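Data first, discussion second: the structure below is written as structure tokens.
No lab work stands behind these numbers, since they all come straight from the coordinates. Treat the numbers as computed from the prediction; the structure is a model and nothing was measured. Note that we place each Cβ from the backbone using ideal geometry, even for glycine, and neighbour counts take in every protein chain shown.
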Amino acid sequence: MQNTAQYKQQYLAQIRASSAYEPYRGGVGVVAALGYLLAIIQVIGGFIGCVIMMSARQPALGIVALIASGVVAVIMLIGIQFWRQAAVMLADIADLITDSRVQ
């Protein structure tokens, strides 16, 4: 079982090394990085909202803002990772189809 998984990983690494869609893969990485940055900004915004609400003597709303922004950030991170993997798989499929047509 381990040999099969290692073989698949090596095969994918070989496909990705000779990809015809390198700019697409780079674009996927850039968009994913921007998504991670937005998730970080989301948490920072929640923290700032929490501080503002605490200073306005509404600590319950501050805690709710912090928790809500944390939940949204986690959902964003999961979604970004899923989207990134799906986009890379599409590029892998396109490379495999291209390779099968060339050979």
Which of the helices in the chain, when you take each full DSSP H run, stretch at least 18 Å along the axis at their Cα atoms and have an average Kyte-Doolittle score of 1.0 or higher? 22-55, 59-102
If you keep only loop residues by DSSP, which trypsin sites (Lys or Arg not before Pro) in region 1-63 have at most 16 other Cβ atoms within 10 Å of their Cβ? ARG57
Taking only Cα atoms and a 10 Å spring cutoff, compute GNM fluctuations for the chain and point out the largest among ILE80, ILE40, ILE63. ILE63
Computed over region 2-102, the convex hull of the Cα set has an average projected area, in nm², of 8.2 nm²
Let's see if you can work this out: charge +1 on each Lys and Arg Cβ, -1 on each Asp and Glu Cβ, no other charges. What is the dipole magnitude of region 2-102 about its Cα centre, in debye to the nearest 20? 180 debye
Please check: in the Gaussian network model of the chain (C-alpha springs, under 10 Å), which one of VAL28, VAL88, VAL71 has the largest mean-square fluctuation. VAL71
Expected 222 nm ellipticity per residue - DSSP helices of 4 or more, -39500 (n - 2.57), all of the chain, to 500: -33000 deg cm²/dmol
Cα pairs beyond 12 Å in region 1-45, in percent, come to 71 percent
